[in-house]
Amino acid sequence: VNLSEQTLQDSTSTDAYVRKRTHELSLLSIVIPTYNEELVIHVLYHRLREVLDQLSIPYELIFVNDGSKDQTLRELMKLAREHSEVKVIDFSRNFGHQIAVTAGMDHSQGDAVVIMDADLQDSPQLIKEFVAKWRDGYDVVYAIREERKGETVFKRATAKLFYRTMQRLTDVHIPLDTGDFRLMNRNVVDSLTAIHERHRFIRGLVAWAGYSQIGVPYVRDERYAGETKYPLKKMIKFALDGITSFSFKPLQWATKVGFTVALLGFISAIVIVYEKIFTNVTIQGWASIMVALLVIGGMQLLVLGIVGEYIGRIYDEVRARPLYLIQDLYNFDNEKQLYRM
Ligand code: UDP
Ligand code: MG
């Protein structure tokens, strides 16, 4: 164990003592969400094959087609027809990245499950290190993005800001600059399957679950082909899901702002009444009233918006619609349920 690994290990919330595993992996599951990724699937498969053949562990590749509008499904079917280890879950529509990953995990059977993106930004080579750490006894091995290649300054800056804001806002320790690229032991996967939340922020849920966790640094490559499936709108929704599912701080912030504004109002009321009764000062009207009106009006709407973000999510949880709907399953032996409550 070198020094940087040591500090990473110490920074996780679980105790550092882990016992080496005495058994080998009997099956490794790899879950890959895909949305309009027709250009990368072929290459991804071959890069994965290379690594997995070197590891010589039995494996299954679970591709989740998240309602792609291009030829992704056809590419996946081609693979599935030739290789029985390639399994495909075809969603009835686009349910989003986090839900696709969830479905993949629900249908996985391995002793350990790796989650990775389809676009080769997450290097398949790192799976070897994941497995090595699993053998050392860790239940979660997550990849830390030391460097991000080929992403816009804006994306890198907002991502950096987001992970640091999350750390300030939440009580669970979510490792900095860590995506969903990780390996999880079966006990962790089962814990996640038991969680029924609809607005899922998986990297947070894994941190919340605990167990023995460790990070390995890596350089995140450029997307192999195609363009990002996370436009700004999805990034904002993702960030809000993360914050609302792990923190009440924005609501507490609203209380504090309310108190402060009320206090200021009270003080100025005293001053104004004093001036009116005991002095000859003419109290300036329009400007001060407008400023107060706009500031308070803006604050109120903002706070209402924050409350709304929470209420909307509560509403979604209460309606309890299925998390996802599956149109078809390919290469799965025993047909499982086609939805998940
Ligand atoms: N993805 C998905 N459903 C979506 C959006 C994305 O399954 O609605 C998949 C996508 O195919 C990729 C992964 O999630 O495998 C990460 O997306 P992307 O690489 O576009 O995000 P970025 O790396 O730009 O943040
Ligand atoms: Mg990507």
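The values are calculated or read from the model by the stated rules, or taken from the named source; none is laboratory data. All values reported here derive from a predicted model rather than from experimental measurement. Reconstructed Cβ throughout: ideal geometry from the backbone, glycine too, with neighbour counts over all protein chains shown.
Within segment 131-170, being part of a helix (DSSP H, G or I) and touching a Phe, Trp or Tyr at 6+ places or on another chain (Cβ under 9 Å) holds for Lys155, Phe162, Met166, Leu169. If I ask for residues that are assigned to a loop (DSSP other than H, G, I, E, B) and farther than 24 Å from Leu120 by Cβ, which ones from segment 171-199 would you list? Matches in segment 171-199: Asp171, Val172, His173, Ile174, Ala194, Ile195, His196, Glu197, Arg198, His199.
Within segment 156-178, if we keep just the residues that are in contact (Cβ under 8 Å) with a residue 40 or more places away in the chain and within 16 Å of ligand 2 (Cβ to nearest atom), the residue that is surrounded by the most Cβ atoms within 10 Å (Cβ to Cβ) turns out to be Phe162. The helices (runs of 4 or more DSSP H) found entirely in segment 219-320 that carry 3 or more residues being of a type in the set (Lys, Arg) are 232-246, 249-278. Within segment 192-251, being within 14 Å of ligand 1 (Cβ to nearest atom), of a type in the set (Gly, Ala, Ser) and more than 29 Å from Val307 (Cβ to Cβ) holds for Ala225, Gly226.
Per the conditions (1) within 12 Å of Tyr330 (Cα to Cα); (2) without any contact (Cβ under 8 Å) to a residue 60 or more places away in the chain, the sole criterion not satisfied by Ser84 is (2). Listed by first and then second residue, the pairs linking a residue in segment 105-121 that is in a strand (DSSP E or B) and hydroxyl-bearing (Ser, Thr, Tyr) to a residue that is within 16 Å of ligand 2 (Cβ to nearest atom) and at pLDDT below 95, with Cβ atoms under 7 Å apart and 6 or more places separating them unless they lie on different chains, form an empty list.
In segment 217-264, how many are exposed (fewer than 13 other Cβ atoms within 10 Å of the Cβ), charged (D, E, K, R) and either over 23 Å from Ala157 (Cα atoms) or away from ligand 2 (no atom under 16 Å from the Cβ) (or both)? The total comes to 2. In the condition set (1) within 16 Å of ligand 1 (Cβ to nearest atom); (2) surrounded by fewer than 21 Cβ atoms within 10 Å (Cβ to Cβ), Ile89 is compliant with all but (2).
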